[in-house]
Amino acid sequence: MKSTIHSTIGETCIICEEKKEMGIHLYTEFICTDCEKDMLQTDAEDPKYKFYLQQLKKITIPKIYS
Ligand SMILES: [Zn+2]
């Protein structure tokens, strides 16, 4: 587990890899609200969905299934 450093300009989203202020913490990682919303609206058939899953693999999750 990496230590969490809270900076004043937000955190780096693991999906878009940009610094964002608003977002959620998923286990040890940060996902901005934009990406979170985007992911929820993306169909599993959409190529974008695979990209999201790829990015989500950075997170240490016991199990991830769609
Ligand atoms: Zn993002």
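What the table shows:
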quantity	calculated
Candidate set: the stretch 12-32, residues that are more than 8 Å from the ligand (Cβ to nearest atom) and touching a strand residue (DSSP E or B) at 6+ places or on another chain (Cβ under 6 Å); chosen: the one most open to solvent (accessible area, probe 1.4 Å)	Lys19
Check on Tyr49, more than 13 Å from the ligand (Cβ to nearest atom) and either at pLDDT 95 or above or surrounded by 13 or more Cβ atoms within 10 Å (Cβ to Cβ) (or both)	yes
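The values are calculated or read from the model by the stated rules, or taken from the named source; none is laboratory data. Since this is a predicted model, take the numbers as computed values, not measurements. Heads up, the Cβs are rebuilt from the backbone with ideal geometry, glycines too, and the neighbour counts pull from every protein chain shown. SASA here: full protein model, heavy atoms, side chains in, ligands and nucleic acids out. Shrake-Rupley method; radii C 1.70, N 1.55, O 1.52, S 1.80 Å.
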